[in-house]
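Worksheet: the structure to be examined is printed underneath.
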Amino acid sequence: IHAETRAMLERMDLDQLNWKPMISEMNSAAVLITHMLGAEQFRIHQVVGGIQVHRDRNSEFNVTNATPDRLLEKLSTLAATSETILSALTELDLSEIKDPMRETDQPESVRALIIHIIGHSFLHLGHLGMTEQLYGVRKSK
């Protein structure tokens, strides 16, 4: 997931990164990537790894001036920290039950939290691919 996100970011210029396919219905690639990184940082770094991250989820959807270089740097830092946390987990750690993160959530094992963030990231990776294709169509007209 990190490698594919990095590859997409490396193909994007500033305009493509911040372009929204539809004014209010879809997010820019910058918003999608910022949200993906924020979600992983919260679930893996904070909930699993115990590192307080002070996430502001709502602000992830208001990004308007991201740069590829800034997001690539954030991605690299995030990936390294996630790798450190995940590689240290034991079978016992994976079975540990964590308290719900929101009122609507249920207690989940660390294993389930990891599976959730993988699915979440793949979902948004698909959105990124669609956004990239739509931008290409727009540019070819």
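FYI, it's all coordinate maths here, none of it is from the lab. From a predicted model like this one, the values you see are computed outputs, not experimental measurements. Note that each Cβ is placed from the backbone with ideal geometry, even for glycine, and that neighbours are counted across all protein chains shown.
Return the Cα extents of region 95-141 along principal axes one, two and three, sorted largest first, each rounded to a whole Å.
52, 21, 7
Once you charge only the Cβ atoms, +1 for Lys and Arg and -1 for Asp and Glu, what is the size of the charge dipole of region 1-47 about its Cα centre, to the nearest 20 debye?
I would put it at about 120 debye.
Looking at N27, G50, T104, which one has the Cα that reaches farthest to the positive end of the dipole of the chain (charges on Cβ: Lys, Arg +1; Asp, Glu -1)?
Toward the positive end, the furthest listed residue is N27.
For region 54-141, build the charge dipole from Cβ charges (+1 Lys, Arg; -1 Asp, Glu) around the Cα centre, then report which of L113, T81, F61 sits farthest towards its positive end.
F61
Within the set of other residues whose C-beta is less than 9 Å from the C-beta of H35, count the net charge using Lys and Arg as +1 and Asp and Glu as -1.
That sum, taken over residues with Cβ under 9 Å, equals 0.
To the nearest 500 deg cm²/dmol, what mean residue ellipticity at 222 nm is calculated for the chain from DSSP H runs of n ≥ 4 alone, each contributing -39,500 (n - 2.57), summed and divided by the residues?
When only DSSP H runs of four or more count, the value is -19500 deg cm²/dmol.
What is the sum of charges, Lys and Arg at +1 and Asp and Glu at -1, for the other residues whose Cβ falls under 9 Å from the Cβ of Q16?
Around Q16, the charge tally is -1.
For the chain, modelled as a GNM with alpha-carbon contacts under 10 angstrom, which of L89, L78, L32 fluctuates the most?
L89
Give me D for region 46-138 in µm² s⁻¹, whole number, from Stokes-Einstein with Rh from the Kirkwood sum over alpha-carbon pairs, 20 °C and 1.002 mPa s.
136
For the chain, list the DSSP H helices whose alpha carbon atoms reach 18 Å or more along the long axis and whose average Kyte-Doolittle value is -0.5 or above?
Those that pass (Cα extent of 18 Å or more, hydropathy at least -0.5) are 68-87, 110-140.
About the Cα centre, and with charges only on the beta carbon of Lys, Arg (+1) and Asp, Glu (-1), how big is the dipole of region 74-141? Nearest 20 debye, please.
720
Can you list residues whose amide H is under 5 Å from S109's amide H, if they're 5+ apart or on another chain and H is modeled 1.01 Å from N?
Close amide H contacts, sequence-distant or interchain: K98.
Charges at C-beta only: +1 for Lys and Arg, -1 for Asp and Glu. How large is the resulting dipole of the chain about its Cα centre, in Debye rounded to 20?
Computed charge dipole of the chain: roughly 500 debye.
Using Cα springs under 10 Å in a Gaussian network model of the chain, which residue among S24, S121, S82 shows the largest mean-square fluctuation?
Fluctuation is largest for S24.
Which GluC sites (Glu not before Pro) from region 5-99 combine a DSSP loop assignment with at most 14 other Cβ atoms within 10 Å?
The qualifying sites are E25, E96.
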